[in-house]
1. Counting just the residues of the stretch 610-638 that are in a helix (DSSP H, G or I) and at pLDDT below 80, which one comes out surrounded by the most Cβ atoms within 10 Å (Cβ to Cβ)?
2. Quick one: would you say Leu602 is at pLDDT 75 or above, under 30 Å from Leu434 (Cβ atoms) and not charged (D, E, K, R)?
3. Between Thr88, Thr56, which is part of a strand (DSSP E or B) and in contact with a helix residue (DSSP H, G or I) (Cβ under 8 Å, 6 or more places away or on another chain)?
4. Does Lys79 count as without any contact (Cβ under 8 Å) to a residue 24 or more places away in the chain, out of contact with any His (no Cβ under 7 Å at 6 or more places or on another chain) and under 30 Å from Cys165 (Cβ atoms)?
5. Examine the stretch 539-560 for a residue that is surrounded by fewer than 20 Cβ atoms within 10 Å (Cβ to Cβ), in a loop (DSSP other than H, G, I, E, B), on the phi < 0 side of the Ramachandran plot and in contact with a Ser or Thr (Cβ under 8 Å, 6 or more places away or on another chain), and state whether such a residue exists.
6. Confirm whether Thr296 is surrounded by fewer than 23 Cβ atoms within 10 Å (Cβ to Cβ), of a type in the set (Val, Ile, Thr) and on the phi < 0 side of the Ramachandran plot.
7. Within 16 Å of ligand 1 (Cβ to nearest atom) and surrounded by fewer than 18 Cβ atoms within 10 Å (Cβ to Cβ), is that true of Pro440?
8. Name the one entry in Ile458, Ile471 that is in contact with an Asp or Glu (Cβ under 7 Å, 6 or more places away or on another chain), closer than 22 Å to Thr532 by Cβ, open to solvent by less than 30 Å² (accessible area, probe 1.4 Å) and not polar (S, T, N, Q).
Amino acid sequence: MVHISVLSGIGPKRAEALAKVGISTVTDILNLLPRDYDDRSEIRTVDSLVAGAVQTILGVLAQTPENVPIKKAGMTLTKALIKDSTGTLELVWFNQPYMSKNFKHGQGYTFTGTVKHTYNNRMQMQSPEYEPVGEVPLGAGRIVPLYTPPTGFSQKTWRALVHQCLEAGDNIITDDLPEEPRKTYGLCGRADAIRNIHFPESEDMFLSARRRLVFEELFFMQLALFRIKERAAEQAGIVFGDADYSPFIKRLPFKMTQAQSKVLTEIAADLQSGTAMNRLIQGDVGSGKTAVAMATAYMAIKNGCQAAIMAPTEVLAQQHYEGFTKLFAPMGIETVLLTGSLHVSKRKTALSQIADGTAQMIVGTHALVQTGVEYRRLGLVITDEQHRFGVNQRFTLKEKGESPHTLVMTATPIPRTLALILYGDLDISIIDELPPGRVPIKTYALNGTYRPRIHEFIRKETAAGRQAYIICPVIEESENDMANVLQYTADLRRALPNLRIAYLHGRMKPAEKQEIMDEFIANRNKVLISTTVIEVGINIPNATLMLIENAERFGLSQLHQLRGRVGRGKEQSHCILVSDSNAPVTKARLKAMTETTDGFKLAELDLKQRGAGDFFGTRQHGLPSFMIANLYRDMDILKEAQEAAREFGNNKSFTADERTVVYNRLAGVL
Ligand code: ADP
Ligand code: MG
């Protein structure tokens, strides 16, 4: 570890400032990778400059720079003149009078900046970066790194600092990647990679540097996930002697699908195995994950344990509470609800029932994991709609018990390679079948001119006894002129005065939200206008119409989730996507929605178009953040890294030293 104080230009003050942002060693500086690059390898002559582009020229300063005050504008212009064999060019800086002292008449420099036409059609380079000729070129005549430097450093000074660190020698850069994958996958050494990721010698060198670093990052992360999984496998789980769930199944108003039964068999085996279950159920919207969760909870309770299910919203928790109670109460099983909005006295009762074991089935939001919630004997934890939680949140609920069994459910279908990253520590079960008798939803993509006809359609559907959801992207009027819940409600009430129309959004109090949901469930309200708060989990089979305004604002996976709120009963359901956008990408996306109801296909498409970060939304998506890897673009490297990590676990050709190095490094990740 070489401390940054050895670097020239870093005094105690700067060292302290950098320490505050977590930079204290040369390695820390080298680990701050460029955010982008500028190809300045081409040096232009004055007569070949074009206006509007960033270009680099090399020449001699033809005149001592001067500062020109511009009184009217209240600023100072610094002007200089550079000359090469083809002509002269004016250089200007705004409000940087000290610039004039940086140059010597007759000296050679490179200048890089945007060239513009001035009033009399002369060319001018504005606020250029510069470098004296003779020094190692860092800012011109090469591919130049662009950083997000810590406060107090300019691009230029930071670049110089990075260069200084690289000069300190390759021996400060240690290579933890074992030789075997390095050879097998043709990866360059770490020192080479670091040098070329900062100052690429060529595009090819850059690409191999990047490939090496991405590989390394994904390799170690995969190994870490495999380790977590190994540890989980070593963790003893409560053995459920009686894993017969048929008494519960008999009480269901329907027959389990084959896919549901298959998953339940897998779960039952886990529960009897002696190690703690860590299983993910992936099943498209409406595939019946809740019933599987209930059967699993039934087994836990029958074996004298408590079971808990955590949902991302209060509305969904309430729905689950009612669903579980309905089936469990007649079997003598006590279900208790715990959410953040519970009244103090109710909360107290719930807490004591959870602590003394009266509560056998516990349903709630993340209130379930808060301090002060003590469980009597928590043997099973279920997270519903896992993609709405961060990865870590599922670990916190688990900690409330003594190595309880874990079941994680999600409707977001994700490609297997990505699933390995998000859920590499879990076994995966897939429910790949919908309950029978579902009528496929009809989907239409329309523009706003159809709105009156759509509203007439709503009138007809509701007159026939059914219900409709309308989704607007925002709650109230905003500058970007999107459909908003409040205005839409007012307008629709005017257009359809005899209809009971309610609205719902995330800023309402939980009790208010619940009241509106209850009214809708009871079919007293016929239309529910809302933001995406109803996106996850809501199950109201009588709702047959989903109308989404400004559909271009939503990702494909989200549209698919929203559409999944209908088509849950025996009636024909419809999903109408309204958008006035003519953007080809939008048109293609909405068309895809009309052509397929396969969540996997839509997710792949979504991922391709938006990249992994956006795909999982801006909210806590649970994806680990990477220094360099881009999960979509680097899918091929990810596959290789996964392969290599798996080999590392089995292959005997790794030396003991390599293993030690790798496991030391993993200690930091785990
Ligand atoms: P999701 O997988 O999206 O959570 P749910 O568990 O909410 O789906 O189930 C959707 C609907 O399908 C519910 O009304 C549920 O009662 C019903 N359902 C679940 N399994 C079956 C089945 N095997 N046969 C018929 N209906 C089922
Ligand atoms: Mg669900």
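1. It comes out as Phe615.
2. Answer is yes for this residue.
3. Just one listed residue meets the conditions, Thr88.
4. No; evaluated as a whole, the condition is false for this residue.
5. Yes: the stretch 539-560 contains one or more residues that are surrounded by fewer than 20 Cβ atoms within 10 Å (Cβ to Cβ), in a loop (DSSP other than H, G, I, E, B), on the phi < 0 side of the Ramachandran plot and in contact with a Ser or Thr (Cβ under 8 Å, 6 or more places away or on another chain).
6. No: the conditions fail for Thr296.
7. yes
8. Ile471
The values are calculated or read from the model by the stated rules, or taken from the named source; none is laboratory data. Everything numeric here is computed off the predicted structure, so don't read it as measured data. Glycine gets a Cβ as well: all are built from the backbone with ideal geometry, and neighbour counts include every protein chain shown. These area figures cover heavy atoms from the full protein model, side chains too; ligands, DNA and RNA do not enter into them. Shrake-Rupley method; radii C 1.70, N 1.55, O 1.52, S 1.80 Å.
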